[in-house]
Amino acid sequence: MRFLITAFFLLFALPVGAQSYDLTAEEQAAYDAGQDAIRQKDFAEAEARFRQVVASMGERMPANHPARLSIEGDVAGVLAMQKRWDEAVALRRDVLARFREVSSVYSPLHAIAQMGLAKLLADTGARREALPLAIEAVSVAEQIHGDDDFVANVWRGELADIMADLGLHADAEALWARSLEGLDRAIAEGVPGGTNGLQLSAMSFAEKRAFSLEVLGRDEEAVAAMADALERRRAFWGDDDAGVLAMTLELAKLKMFAGDTEGMHATIAQVMPKIVAEYGDSPMLATALSYDAIWWLYQEFGSEAFHKGVEMLERADAMFEATLPKPRGEGFRHEGWGRTLLNLAAVRMDLEDWLGAMDAVLRAEKLGHASRNTLVRVLDGAGVAKAKPWREIVPDALRIAQRSGVTDAGHALEQMAARVSLGDSPAAKLHRAITDAVDREAALQAEYAALLRLPAGQRDYAREVALKADLSEVSLTQKRLTEELHKTAPDFTALINDGLAESDELRALLGPDEAIILFDIGERDGDYDFVFVITDETTYWLPMPVEPTALAAAVADLRAAVDNRLGVRAATALKGAGGPAPEFPLEAAHYLYAQTFGQIADLIEGKTHLYVELRGPLTAIPPHLMVRNEAASMEEADWLIRHHAITVVPSVFALKAMEIAAGKPRASEPILGIANPDFDPSGSAPVQASSNRGGALAPLPETFEEVRDVAGSMGAGEGAVLQQGAASEAAVKAADLERFRVLYFATHGLVSGDEVKESVVEEPALALTPGGGEDGLLTASEIALLRMNPDWVVLSACNTAVGETPDAEALSGLAQAFLYAGARALLVSHWPVESQSAVSLMTDIFARRAADPELSAAEAQRQAMLAMIDGPRAEWRHPAYWAPFILVGDPDR
């Protein structure tokens, strides 16, 4: 389908431009020959003919003539058809850059070139770069041709493709619906050159719209949309088209998801005889059997009909095994087979065949179709039924919990560990080669699956043989490279293990007074929730029934109570000083404790240091403000921080990553501090808050004293702290950051949406002094490119831990960027901090560390927070003042 749509654009868009500039007869003949070659799928020949046209035009036209550039765009198109992606992208970029030199985007050929680049970028995975290009091209098409013109509607549908790939399914679905309405009108009225291309586009958009409706949970609409797409395909290609059968099975699947098992069964019954006759034992037949089995399983439990459904699932499983290519490496994925195995696991659970259920669910996971709920239900059930000993079950449960909780911050730590472990050695190249081989296997498997969807009589058997050989070769290549990596860096794979840590590895990292806690919370109420507690002696895996919606409500109450805006370090309005802090919801703080730490209180009693991986709503608050007792006042509150020093980890693998990083030499100098930047050296007030916040960035003179005192406690000289004009973005980028054990930023934090002059900040950033060719905003993407080696980074700014919503990513973009750049640990804040209390807390933490070099960072933070709680300033006893900062990672490892 991708080929057909691509060919359509070559056929309908570019000849219009060529004719406008009067190709010579010889050039037109060569161009037509290139189009004929595309129809014959001889893409190399098409490339040669189009290049012939470009060369001829070059003899009589300037290099940047629009007609010549358009034909060069054709060359890029056939390069992509040959999967020469890098060459295609480079040429598309070059063509668009040259168009920009001679015309505006409102030139039709210029707009075509821009949309061509956008689609190619999307096809090669660069969707975020493609999105703004496509949005502008659609807008231009609407203005040039009219809002309802067929070009605008086709491009609108292509824009929806990009948005859906980015997860913006609601926006994509609306665009497809609008595009289809317009295309249907154009098809009915007719267009120059015929409507075949428009029908192909409409067919593709209708099918994709159905899938987005499914993702959005609008199941009945998804069924109607897929039925519409099926009728379009049947009308265009006829009943004998292989795609009609495949789409009919997709319609059956959607009916099943919508709860219409009778409709699903009837739909499959219509095509089953044809599938059996034309395909025989094949992935197509296995898919049909696996769907239809559900209808039989809905019959009376234990009946003959029910067991027929079980047999159909088992037959489908065996057929997938027999007909899909072997050997299968790490890149092998198959959704249909994986779904079959998950259904088989569920049935075997009902039949109390726990070992059979475990076999099915673990094989589904290897096929890339894991279901966290099914996996943990099966493992828990097998343990309770004593079908397998817990010591064999818990390692699988821990692995599944780690895989289901992958975050960007966790991935950043994994990449940091890999870089530290391998450096620039030959092993690093082997690691990259293995990753490339896995990706290639996935691409080959997708092509092979598409080939198998054709009836036996229509398959290109030479290509099938070649694909099998390629799959075998790439699988063996993975094996060979992995073995070579084992020999070259024998400790590497054991250390990295695909970003996973085993419980015995984690236990070995703990002292007798330490524990690791992982709250494995599902996304929805009713999911199966568990908690892991790992000590130096034992690993516990316990059920922890919670309701994420109730947790989120309690978290929201806590966040509302600490949303303090008195002299904060952020782009927020500054209210007058003074006034009582809002009441703190102690009931919510105790509820959260009772639902989480309270359920394992006996296991962590006496553990003075906890490493905690938070999930779900819990990521939006610092855990140390939970309350262990039912207190009537803050004076009576038994804060969790009184009993445990707490280190937050983005993943339990982070402990392993820190251990790997510990092998890297420590930096030589104690600290580089950045404080009290001059946000407006020109006097033009360049930075202001967004309209929903109001106000401007206030100067932070007190932060210089804060960082100076911290630097002094570490024995650093006067030059260790940069302030005012020296605290610039340019200076930070120019500094040798690998020399410093601590990087300390005491400044404002900006979030997406804050305004800088007349532009809007698109990603999180630290506000520094502008100048030297820099705008003064050190963004997350810029931080990730820095080279550093600090034990820890202190972000004494606002909102550097997470977003404000309970479902926010576990660490903000700023925190992730510093971890990726090489930081072992971070001290970051959950909400805008009040400046004076932040100065007191930070200087106290580092003073305690200086007075007692054996004191851990987590314990120093705990003691400093307790000093504020128990200190003379009554207002600072509110968690808004003492609780915002969390320690992420361990700088002492």
| query | Quick check: is even one residue across the stretch 608-620 among the aromatic types (Phe, Trp, Tyr), modelled with pLDDT of 95 or more and assigned to a helix (DSSP H, G or I)? | reply | no
| request: Determine, yes or no, whether residue 305 is surrounded by fewer than 18 Cβ atoms within 10 Å (Cβ to Cβ) and either within 21 Å of residue 259 (Cβ to Cβ) or touching a helix residue (DSSP H, G or I) at 6+ places or on another chain (Cβ under 8 Å) (or both). | output: yes
| Extreme residue, nearest to residue 657 (Cα to Cα), among residues of the stretch 506-529 that are in a strand (DSSP E or B) and among the β-branched types (Val, Ile, Thr) | 516
| request: Given the conditions (1) of a type outside the set (S, T, N, Q); (2) surrounded by fewer than 18 Cβ atoms within 10 Å (Cβ to Cβ); (3) modelled with pLDDT of 95 or more, report the number of the one that residue 313 does not fulfil. | output: (2)
| message | Checking the structure you have, find out if any residue of the stretch 661-681 is part of a helix (DSSP H, G or I) and either farther than 21 Å from residue 551 by Cβ or assigned by TED's automatic domain parsing to the domain that holds residue 533 (or both). | response | yes
| query | Any idea which of 601, 661, 632, 577 is surrounded by fewer than 15 Cβ atoms within 10 Å (Cβ to Cβ) and at pLDDT below 90? | reply | 577
| task | For the stretch 703-727, enumerate the residues that are closer than 21 Å to residue 749 by Cβ, out of contact with any strand residue (DSSP E or B) (no Cβ under 7 Å at 6 or more places or on another chain) and in a helix (DSSP H, G or I). | result | 705
| remark: Counted residues in the stretch 150-178 being free of Cβ contacts under 8 Å to residues at least 24 places away in the same chain and outside any helix (DSSP H, G or I) come to 2
| message | Could you go through the stretch 17-30 and let me know if any residue there is among the charged types (D, E, K, R), modelled with pLDDT under 95 and part of a helix (DSSP H, G or I). | response | yes
| said: Criterion first (surrounded by fewer than 18 Cβ atoms within 10 Å (Cβ to Cβ), free of Cβ contacts under 8 Å to residues at least 40 places away in the same chain and charged (D, E, K, R)) does residue 219 satisfy it? | reply: no
| query | For the stretch 335-376, what are the residues that are in contact (Cβ under 8 Å) with a residue 60 or more places away in the chain and surrounded by fewer than 21 Cβ atoms within 10 Å (Cβ to Cβ)? | reply | 372, 373
| query | For the subset of the stretch 792-821 comprising residues that are surrounded by 24 or more Cβ atoms within 10 Å (Cβ to Cβ) and modelled with pLDDT of 85 or more, which member is farthest from residue 837 (Cα to Cα)? | reply | 793
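The values are calculated or read from the model by the stated rules, or taken from the named source; none is laboratory data. Note that the coordinates shown come from a computational prediction; the quantities given were computed from them, not determined experimentally. Please note: Cβ atoms are built from the backbone with ideal geometry, for glycine as well, and neighbour counts cover all protein chains shown.
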